[in-house]
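Okay, so here's the structure we're looking at.
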Amino acid sequence: MADSLWGTVVSVQANYYWVRLEPMVKTAVASPLNHEPLISASLRSGEQPSHLLCTRRARLKKTGQQVMVGDRVEVQEPDWQGQRGAIAAVAPRITALDRPPVANASQILLVFALAEPSLEPFQLSWFLVKAESTGMQICLALNKRDLVDAAAQAAWHQRLQRWGYDPLWLSVRNQSVPAALHQKLSTHITIVSGPSGVGKSSLINHLIPDLDLRVATVSGKLGRGRHTTRHVELFAFPQGGFLADTPGFNQPDIDCAPEDLAAYFPEIRQRLAQRHCQFNNCLHQEEPGCVVRGDWERYGHYLQLLNAIAIQGYSQTQPHELETTMKYKVAGSGQLQAEPKLSAKKYRRVSRRSQNKALQDLCQELVDSADDLEALEGLSLDELL
Ligand code: GDP
Ligand code: ZN
């Protein structure tokens with residue numbers, strides 16, 4: 001059997017893909033879940049680099065096979081000296097997120113702070129529900145424990161246990177990050193999410209202190225992209241696993257069907273595992289014989305979110321009947337805020353201003369791609385790497 005070379009796409013720029021390589025295996029069959037620790041170059045042979053800058057094989061282009069960050073890919077014709085290669089195959093994806101565009105992510109690391117900014121229960125619920133709706137494993141981390149006393153932390157601990165979560169407690173400032181977090185991150189592609197100011201960047205820097213392990217090289221050199229939703233990068237952990245740096249996931253909007261919402265609350269899942277509501281399609285509001293409605297803390301959050309989703313959904317199904325509808329977002333205070341929003345675009349007379357804006361956006365995209373390409377081509381390989 002021929003040696004085959006597999007790796008994980010850690011960043012995409014124009015038509016170039018940075019692939020972080022895995023150990024050579026004697027078979028082409030490898031699990032898509034295998035984001036194992038990446039071996040040092042010496043294990044592959046001598047001085048081979050850990051990353052190759054790859055293009056897509058023509059055959060993949062012809063079949064329309066897209067390559068995303070997070071994809072496990074087979075690399076052929078490695079040019080070790082030139083640090084180049086060609087992607088010949090893409091392993092089946094276990095997950096594919098659209099916004100941000102990441103394949104094979106299987107865990108969400110939800111970071112909140114205990115203080116500064118204060119921990120707002122409804123905002124936390126909102127992020128948790130969004131995370132639950134992806135079907136991925138959730139790892140909840142509460143940072144800045146240095147700012148609260150033991151009693152406050154214990155109170156939050158008990159409260160979140162009732163919600164069905166067992167958070168990890170951190171203080172990045174005091175370098176206090178439990179080993180359990182390192183362990184949870186080691187075998188997944190993990191997406192980091194959470195409001196701004198809670199310490200996400202600080203945590204990423206703590207987890208991946210060695211800048212050499214960051215593969216921000218491409219967008220770093222190009223001087224743009226780090227904070228736009230178009231660019232996603234994976235950071236490799238020394239012990240294995242990747243972290244996706246994805247600004248796009250930080251303002252989660254709710255986009256699930258009302259009947260699905262209940263499944264995103266552990267408390268409701270637990271109730272429904274024991275007993276059934278009288279009606280199959282119970283939305284757990286005023287229906288008779290409902291076993292979910294009751295005196296539990298987040299029932300109010302459930303109703304608020306249900307309301308927001310129902311109104312959003314109505315605007316999507318009945319766009320011609322609704323001139324405007326309400327758009328919900330979580331304010332800095334953690335309160336749900338409603339603001340008017342124009343209904344479905346296709347039924348709206350597009351104003352000249354928004355037409356211009358759309359055109360400008362499109363032009364910017366094109367200019368960006370062209371710049372990316374040009375910059376890539378203009379740089380010598382040494383500069384790129
Ligand atoms: P991000 O917006 O979520 O990426 O948050 P940052 O990492 O930029 O951190 C926001 C602020 O919180 C910065 O001033 C950090 O120094 C501070 N910070 C981060 N971690 C901690 C912590 O554990 N304790 C305290 N007191 N401050 C922290
Ligand atoms: Zn019910």
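Annotations for the structure displayed:
- Checking A152, A115 one by one, the residue that is farther than 11 Å from L170 by Cα, away from ligand 1 (no atom under 13 Å from the Cβ) and of a type in the set (G, A, S) is A152 and no other.
- Sole exception among (1) of a type in the set (V, I, T); (2) assigned to a loop (DSSP other than H, G, I, E, B); (3) at pLDDT 95 or above for T190, by number: (2)
- When residues of segment 179-204 are limited to those that are open to solvent by less than 10 Å² (accessible area, probe 1.4 Å) and either among the polar types (S, T, N, Q) or more than 10 Å from ligand 1 (Cβ to nearest atom) (or both), the one farthest from M136 (Cα to Cα): L181
- Residues of segment 275-314 that are more than 13 Å from ligand 2 (Cβ to nearest atom), in a loop (DSSP other than H, G, I, E, B) and free of Cβ contacts under 8 Å to residues at least 12 places away in the same chain: D295 alone.
- Within segment 104-119, residues that are more than 16 Å from D245 (Cα to Cα) and outside any strand (DSSP E or B) have Cβ atoms under 6 Å from residues that are more than 9 Å from ligand 1 (Cβ to nearest atom) and open to solvent by 10 Å² or more (accessible area, probe 1.4 Å) in these pairs: L114/V148; A115/V148, counting only partners at least 6 apart in sequence or on another chain.
For (1) open to solvent by 60 Å² or more (accessible area, probe 1.4 Å); (2) away from ligand 2 (no atom under 16 Å from the Cβ); (3) within 21 Å of A105 (Cα to Cα), each residue gets a yes or a no:
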residue: I138; (1), (2), (3): no, yes, yes
residue: R145; (1), (2), (3): yes, yes, no
residue: A150; (1), (2), (3): yes, yes, no
residue: Q153; (1), (2), (3): no, yes, no
residue: R173; (1), (2), (3): yes, yes, no
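The values are calculated or read from the model by the stated rules, or taken from the named source; none is laboratory data. Only a predicted model underlies this, so the values are computations on that prediction, with no experimental measurement involved. Here the Cβ is made from the backbone with ideal geometry for all residues, glycine too, and neighbour counts use every protein chain on show. Surface accessibility is based on the protein's heavy atoms, side chains included, excluding ligands, DNA and RNA. Shrake-Rupley method; radii C 1.70, N 1.55, O 1.52, S 1.80 Å.
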